[in-house]
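The values are calculated or read from the model by the stated rules, or taken from the named source; none is laboratory data. Values in this document were obtained by computation on a predicted structure and should not be read as measured data. Cβ coordinates were reconstructed from backbone atoms using ideal geometry, including for glycine residues, and neighbour counts include every protein chain displayed.
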Amino acid sequence: YFGLLSAGLAIALKDPVTDLAAWMFIIWRKPFDVGDRIELGKSKGDVIDIRPFKFTILEIGNWVDADQ
């Protein structure tokens, strides 16, 4: 029973633990900071917020015809 419970906890906590480790990497190593322009795959933008489980970028480019 304990093994099944441990496996369930490991699966349930995998993403939050990974996100927290990534946040610590961003904070300690500072590959980018708020205000930097970064590119992730096909997305480009300015970093506007860094939080423990996510960071937010304001995308640039990729305009559609309706934009002014």
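Okay, residues lined up against (1) at pLDDT below 85; (2) touching an Asp or Glu at 6+ places or on another chain (Cβ under 8 Å):
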residue: GLY35; (1), (2): no, yes
residue: ASP46; (1), (2): no, yes
residue: LYS54; (1), (2): yes, yes
residue: LEU58; (1), (2): no, yes
residue: GLY61; (1), (2): yes, no
residue: ASP65; (1), (2): yes, no
residue: GLN68; (1), (2): yes, no
>> For the structure I just gave you, tell me whether LYS30 is at pLDDT 90 or above and basic (Lys, Arg).
In response: no
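Just to be sure, is ASP15 of a type in the set (D, E, K, R) and part of a loop (DSSP other than H, G, I, E, B)? Let's see the steps before the verdict.
Numbers: of a type in the set (D, E, K, R): yes; part of a loop (DSSP other than H, G, I, E, B): no.
Against the criterion (of a type in the set (D, E, K, R) and part of a loop (DSSP other than H, G, I, E, B)), ASP15 does not qualify.
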> Among the residues of segment 4-32, which ones are surrounded by 11 or more Cβ atoms within 10 Å (Cβ to Cβ) and of a type in the set (D, E, K, R)?
Replying inline: ASP19
> If a residue has to be surrounded by 12 or more Cβ atoms within 10 Å (Cβ to Cβ) and within 12 Å of the chain's Cα centre (by Cα) to count, how many in segment 49-63 make the cut?
Replying inline: 5
